[in-house]
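Student: Structure provided below as structure tokens; questions to follow.
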Amino acid sequence: MAEIRTVGIIGAGQMGSGIAHVCALAGLDVRLADISDEALGRGLDTIRRNIERQVARGKVTETEKAAALKRIKTSTDYGIFADCDVVIEAATEKEEVKREIYKKLVPHLKPDAYVASNTSSISITRLAAATDRPGRFIGMHFMNPVPVMQLVELIRGIATEEATYQTIRDLAVKLGKTPVAAEDFPAFIVNRILLPMINEAVYTLYEGVGSVDAIDTAMRLGANHPMGPLELADFIGLDTCLAVMQVLYEGLADSKYRPCPLLVKYVEAGWLGRKAGRGFYDYRGEKPVPTR
């Protein structure tokens with residue numbers, strides 16, 4: 001099996017910057033790409049801030065921080081991936097966007113490089129078929145926030161080779177994560193269970209069973225959840241929640257996965273949660289205030 005030394009990451013957003021963070025701290029060389037220098041700058045700022053938090057908590061030394069930041073190289077050109085052993089795509093949760101990325105990526109890869117997708121719901125078999133190496137393609141679904149969450153779901157497509165699975169599993173362990181194997185069904189394990197619960201919470205709000213505050217308080221105190229489902233939806237991003245529900249609804253053809261019309265309405269309004277300043281809560285003041 002190949003040893004992974006250099007990791008490429010496509011997308012410097014919330015997930016991509018988190019993956020770059022843990023890879024660099026684990027001693028791997030990182031190549032981070034995005035569509036603009038501004039996006040890359042924001043990603044690097046996030047990584048720097050988050051590692052500094054770990055330094056403040058005594059989990060990382062100043063020396064380790066400096067070494068990790070030095071390992072990250074950035075570019076808007078996919079040529080940066082020429083020496084990568086694996087490239088992890090962490091772009092937006094839209095299949096057509098991911099397919100376009102693979103079309104651009106493949107000509108720059110060395111023949112034995114692996115490709116992984118951080119998709120949270122889309123078929124790995126279909127995504128792999130959009131590349132020249134379905135046997136060396138795998139789903140590697142990190143949880144958000146990546147530096148904190150321990151789990152990585154590993155999803156084999158129908159063509160994924162056993163050596164690919166074992167190599168990427170070893171990489172996940174090297175990053176300090178616990179890998180679990182999931183079958184290639186819509187939304188895999190975590191989101192197959194989590195997103196319908198969030199969608200049901202939105203239905204509970206839509207039908208007037210409870211307010212935002214009542215629903216989140218009830219689930220925090222009644223089910224001992226660390227945050228309520230509507231607060232969690234805002235944290236994930238309502239556009240991402242809707243995208244996963246649409247994949248479940250279309251992929252499994254079961255009406256129980258129908259996205260709540262209120263969730264659709266919030267996304268249409270651009271109220272996507274924390275990242276947009278408004279979702280089920282308004283984040284523009286000193287503390288979050290429910291919007292319903």
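The values are calculated or read from the model by the stated rules, or taken from the named source; none is laboratory data. Keep in mind it's a predicted model, so treat the numbers as computed, not measured. Counting neighbours? That spans all protein chains shown, and the Cβs are built from the backbone with ideal geometry, glycine included.
Student: Determine if region 33-40 includes at least one residue that is touching a strand residue (DSSP E or B) at 6+ places or on another chain (Cβ under 6 Å), assigned by TED's automatic domain parsing to the domain that holds Pro145 and either within 16 Å of Ile80 (Cα to Cα) or modelled with pLDDT of 95 or more (or both).
Tutor: Within region 33-40, one or more residues are touching a strand residue (DSSP E or B) at 6+ places or on another chain (Cβ under 6 Å), assigned by TED's automatic domain parsing to the domain that holds Pro145 and either within 16 Å of Ile80 (Cα to Cα) or modelled with pLDDT of 95 or more (or both).
Student: So which residues in region 107-123 are assigned to a loop (DSSP other than H, G, I, E, B) and within 22 Å of His141 (Cα to Cα)?
Tutor: Hits for region 107-123 are Leu109, Asp112, Ala113, Asn118, Thr119, Ser120, Ser121, Ile122, Ser123.
Student: Moving on. Given the structure, is Ile138 within 20 Å of Asn191 (Cβ to Cβ), of a type in the set (Val, Ile, Thr), in contact (Cβ under 8 Å) with a residue 24 or more places away in the chain and not in a helix (DSSP H, G or I)?
Tutor: yes
Student: So if I check each of Val247, Val209, which one is farther than 25 Å from Pro145 by Cβ and either in contact with a helix residue (DSSP H, G or I) (Cβ under 9 Å, 6 or more places away or on another chain) or not small (Gly, Ala, Ser) (or both)?
Tutor: On inspection, the qualifying residue turns out to be Val209.
Student: Determine whether Ser211 is touching a Pro at 6+ places or on another chain (Cβ under 7 Å), surrounded by fewer than 23 Cβ atoms within 10 Å (Cβ to Cβ), polar (S, T, N, Q) and at pLDDT 95 or above.
Tutor: yes
Student: Considering Lys98, Lys104, which residue is assigned to a helix (DSSP H, G or I) and out of contact with any Ser or Thr (no Cβ under 8 Å at 6 or more places or on another chain)?
Tutor: It is Lys104.
Student: Going by the conditions given, is Asn224 modelled with pLDDT of 95 or more, closer than 30 Å to Gly157 by Cα and not aliphatic (A, V, I, L, M)?
Tutor: Here the answer is no, as Asn224 does not meet what is asked.
Student: Which of the strands (runs of 3 or more DSSP E) contained wholly in region 5-84 include at least 2 residues that are in contact with a Ser or Thr (Cβ under 6 Å, 6 or more places away or on another chain)?
Tutor: 29-33
Student: Identify the residue in region 249-271 that is touching a residue at least 60 places away in the same chain (Cβ under 8 Å) and surrounded by 12 or more Cβ atoms within 10 Å (Cβ to Cβ) and, among all such residues, is farthest from Arg126 (Cα to Cα).
Tutor: Leu262
Student: Just need a number here: residues in region 249-258 that are in a helix (DSSP H, G or I) and not aromatic (Phe, Trp, Tyr).
Tutor: 5
Student: Continuing with this model, one more query. Name every residue in region 90-121 that is surrounded by 24 or more Cβ atoms within 10 Å (Cβ to Cβ), within 19 Å of Gln14 (Cβ to Cβ) and in contact with a Lys or Arg (Cβ under 8 Å, 6 or more places away or on another chain), in order of residue number.
Tutor: Result: Ser117, Thr119.
Student: Still on this structure, I have one more. For the structure I just gave you, tell me whether Ala128 is closer than 23 Å to Thr240 by Cβ, in contact (Cβ under 8 Å) with a residue 24 or more places away in the chain and surrounded by 20 or more Cβ atoms within 10 Å (Cβ to Cβ).
Tutor: Spelling it out, Ala128 is indeed closer than 23 Å to Thr240 by Cβ, in contact (Cβ under 8 Å) with a residue 24 or more places away in the chain and surrounded by 20 or more Cβ atoms within 10 Å (Cβ to Cβ).
Student: Restricting to region 28-49, name every residue that is surrounded by 19 or more Cβ atoms within 10 Å (Cβ to Cβ), in contact (Cβ under 8 Å) with a residue 40 or more places away in the chain and not basic (Lys, Arg).
Tutor: Answer for region 28-49, where residues must be surrounded by 19 or more Cβ atoms within 10 Å (Cβ to Cβ), in contact (Cβ under 8 Å) with a residue 40 or more places away in the chain and not basic (Lys, Arg): Leu28, Val30, Leu32, Ala33, Asp34.
Student: Same structure again: Give, as residue ranges, the helices (runs of 4 or more DSSP H) completely inside region 146-248 that count at least 3 residues that are without any contact (Cβ under 8 Å) to a residue 24 or more places away in the chain and either within 27 Å of Arg136 (Cα to Cα) or of a type in the set (A, V, I, L, M, F, W, C) (or both).
Tutor: Here the list reads 162-174, 212-222.
Student: Among residues belonging to region 50-84 that are among the hydroxyl-bearing types (Ser, Thr, Tyr) and under 16 Å from Ile10 (Cα atoms), point out the one that is surrounded by the fewest Cβ atoms within 10 Å (Cβ to Cβ).
Tutor: Ranking the qualifying residues of region 50-84, first place goes to Thr76.
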